[in-house]
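Just below is one structure, and these are the notes that go with it.
The values are calculated or read from the model by the stated rules, or taken from the named source; none is laboratory data. Just so it is clear, the structure is predicted and the values come from calculations on it, not from any experiment. In this analysis, Cβ positions are derived from the backbone assuming ideal geometry, glycine residues included, and neighbour counts consider all displayed protein chains.
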């Protein structure tokens, strides 16, 4: 990919239309004084002339440093808000212990993937079902994948009984054991 200068020029409509790649188009469009409505018209014209698609432009936009920074700003606040909205833990005295075998078994049954490898249930759906928080579900998913990798290295068939046994262990211990076996 050709490196585009970060220098903030004031590009004209003609310069925007003469862009050779979607990356160059995004950069020139971003650093021009052309009004937003006019940029929409230019975008349509540029796509017709060059043959690039909206997906190409979207891909280039997502990789541009300006838009990356824009998307990442406030990520912590957004995550905190999402986590607090989907915190399904019960009051401490009624809370189910995380390592009880029936909870682990229920988690394993909910943590399924489709043929494309996408999870059937979102983190918050499992959290709601098990009355946990989203970070704890993410922790369990990491641990589950680690257990499967560890069993593969040990050449053990991942039966329900073995998975439940390993899921009851601490993640750091599992990770240490896996790294020792792999290295």
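From the list 159, 109, exactly one residue is farther than 21 Å from residue 87 by Cα, over 21 Å from the mean Cα position of the chain (by Cα) and loosely packed, with under 12 Cβ neighbours inside 10 Å. Which is it?
Numbers: 109 fails: farther than 21 Å from residue 87 by Cα.
Exactly one of 159, 109 is farther than 21 Å from residue 87 by Cα, over 21 Å from the mean Cα position of the chain (by Cα) and loosely packed, with under 12 Cβ neighbours inside 10 Å, namely 159.
How about the range 126-143: which of its residues are buried (at least 16 other Cβ atoms within 10 Å of the Cβ) and in a helix (DSSP H, G or I)? Talk me through it step by step, then tell me what you get.
Looking only at the range 126-143, we keep the residues that are buried (at least 16 other Cβ atoms within 10 Å of the Cβ), and these are 126-128, 130, 132-134, 136-137, 140, 143.
Once the filter is applied, which keeps residues that are buried (at least 16 other Cβ atoms within 10 Å of the Cβ) and in a helix (DSSP H, G or I), the range 126-143 yields 126, 127, 128, 130, 134, 136, 137, 140, 143.
Among the residues of the range 21-51, count how many are part of a loop (DSSP other than H, G, I, E, B) and under 20 Å from residue 67 (Cα atoms).
Restricting attention to the range 21-51, the residues satisfying the condition of being part of a loop (DSSP other than H, G, I, E, B) are 21, 31, 33-35, 51.
Filter once more, keeping what is under 20 Å from residue 67 (Cα atoms): 21, 31, 33-35.
Number of matching residues: 5.
Taking the range 147-156 only, how many residues are crowded, with 18+ Cβ neighbours inside 10 Å and closer than 29 Å to residue 83 by Cα? Working first, answer last.
Just the residues of the range 147-156 that are crowded, with 18+ Cβ neighbours inside 10 Å, to begin with: 147, 150.
Those left that are additionally closer than 29 Å to residue 83 by Cα: 147.
Qualifying residue count, the range 147-156: 1.
Which residues, taken from the range 124-136, are within 23 Å of residue 166 (Cα to Cα) and either modelled with pLDDT under 90 or not assigned by TED's automatic domain parsing to the domain that holds residue 81 (or both)? Break it down into steps so the answer makes sense when it comes.
First, pick out the residues of the range 124-136 that are within 23 Å of residue 166 (Cα to Cα): 126-127, 129-136.
Answer for the range 124-136, where residues must be within 23 Å of residue 166 (Cα to Cα) and either modelled with pLDDT under 90 or not assigned by TED's automatic domain parsing to the domain that holds residue 81 (or both): 127, 129, 130, 131, 132, 133, 134, 135, 136.
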